[in-house]
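Here's the structure, in structure tokens; my notes come after.
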Amino acid sequence: MLDKIKKYSDRWAVVFLVFGCVACGGAQGQSQSLGAFGTQVNQFVADASSHGVSVDTSNLVVQVGDLSSASTTTVVNGVTETTTNVDVGQCDFTEAGPTVTISATAIQSFGPESLEALVYHELGHCLLKLEHNSNLSADGTPASLMYPTGVDGQTYLKNRAAYLDELFSQPQNTAFVGGG
Ligand SMILES: [Zn+2]
């Protein structure tokens, strides 16, 4: 008789565990929103982990949006040239949580390596709280993924391991309030 009761209670325990897991997944999914960037974010989390860094993506939002652009006009030898610089990425800390915005222009015109470099740069701001780093390597390429204007896809692909070592070894600036 005692054996029978024990078996029943075991079964209930299993049912409760299943319920517990469902509730857990639902609560986590409520605020996180990665849009089309789940692959890059999951890769970032894995790369962080392999460098011994744990990042909290539970409230992370990654979205596509319009970002500001600025045009500068110069006259060279009587020829007027207009250069338009479009912001391709932005990190803001909102009530919802750390929010990365990637411009539609970047998605349309960037190759996969450039897009990953851009998303990693913005996650560097939003998850690692890193500021920009303007240092250059001896060969003239950016020393960090946090270079103000980012790193182009080819340079990133060639030096990816070194860039990740640099990115995940920097101290976080808890006072960082967001930026592009
Ligand atoms: Zn930036």
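Has the range 107-117 got at least one residue that is away from the ligand (no atom under 16 Å from the Cβ), closer than 19 Å to Phe44 by Cα, within 16 Å of the chain's Cα centre (by Cα) and charged (D, E, K, R)?
Just the residues of the range 107-117 that are away from the ligand (no atom under 16 Å from the Cβ), to begin with: 107-109, 111-113.
Then keep just the ones that are closer than 19 Å to Phe44 by Cα; that gives 107, 111-113.
Subsequent filtering for residues that are within 16 Å of the chain's Cα centre (by Cα) retains 107, 112-113.
So of that shortlist, the ones also charged (D, E, K, R) come out as 113.
Scanning the range 107-117, I find at least one residue that is away from the ligand (no atom under 16 Å from the Cβ), closer than 19 Å to Phe44 by Cα, within 16 Å of the chain's Cα centre (by Cα) and charged (D, E, K, R), so the answer is yes.
Each row is one residue, and each column tells you yes or no for (1) at pLDDT below 95; (2) on the phi < 0 side of the Ramachandran plot; (3) in contact with a helix residue (DSSP H, G or I) (Cβ under 8 Å, 6 or more places away or on another chain); (4) assigned to a strand (DSSP E or B).
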{"position": "Gly20", "(1), (2), (3), (4)": "yes, yes, no, no"}
{"position": "Ser31", "(1), (2), (3), (4)": "yes, yes, no, no"}
{"position": "Val41", "(1), (2), (3), (4)": "no, yes, yes, no"}
{"position": "Val45", "(1), (2), (3), (4)": "no, yes, no, no"}
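Every residue, every condition in (1) more than 12 Å from the chain's Cα centre (by Cα); (2) more than 16 Å from the ligand (Cβ to nearest atom); (3) among the small types (Gly, Ala, Ser); (4) within 21 Å of Phe37 (Cα to Cα), yes or no:
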position	(1), (2), (3), (4)
Thr74	yes, yes, no, no
Asn77	yes, yes, no, no
Val88	yes, no, no, yes
Phe93	yes, no, no, yes
Tyr147	yes, no, no, no
Tyr163	yes, no, no, yes
Pro171	yes, yes, no, no
Gly179	yes, no, yes, yes
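Step by step: first the residues of the range 127-157, then only those that are touching a residue at least 40 places away in the same chain (Cβ under 8 Å) and part of a helix (DSSP H, G or I), then the one that is surrounded by the fewest Cβ atoms within 10 Å (Cβ to Cβ). Which residue is that? Outline the logic, then answer.
Initial filter on the range 127-157 (touching a residue at least 40 places away in the same chain (Cβ under 8 Å)): 127-132, 150, 153-154, 156-157.
Filter once more, so that each one left must be part of a helix (DSSP H, G or I): 153-154, 156-157.
On the way: Gly153: 17, Gln154: 13, Tyr156: 21, Leu157: 16.
So, considering only residues that are touching a residue at least 40 places away in the same chain (Cβ under 8 Å) and part of a helix (DSSP H, G or I), the one surrounded by the fewest Cβ atoms within 10 Å (Cβ to Cβ) is Gln154.
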- Considering only the range 77-126, how many residues are in a strand (DSSP E or B), of a type in the set (Val, Ile, Thr) and either touching a residue at least 60 places away in the same chain (Cβ under 8 Å) or buried (at least 18 other Cβ atoms within 10 Å of the Cβ) (or both)? 4
- Note on the structure: Note on the range 48-75: residues in contact with a strand residue (DSSP E or B) (Cβ under 9 Å, 6 or more places away or on another chain) and part of a loop (DSSP other than H, G, I, E, B) are Asp56, Thr57, Ser58, Asn59, Leu60, Asp66, Leu67, Ser68
- Message: Could you go through the range 118-133 and let me know if any residue there is away from the ligand (no atom under 15 Å from the Cβ) and at pLDDT 95 or above.
- Response: no
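Output the residue which, of all residues in the range 134-145 that are of a type outside the set (Ser, Thr, Tyr) and closer than 23 Å to Ser49 by Cα, is farthest from the ligand (Cβ to nearest atom).
Ala143
The values are calculated or read from the model by the stated rules, or taken from the named source; none is laboratory data. The structure displayed is predicted, hence computed values, not measured ones. Note that we place each Cβ from the backbone using ideal geometry, even for glycine, and neighbour counts take in every protein chain shown.
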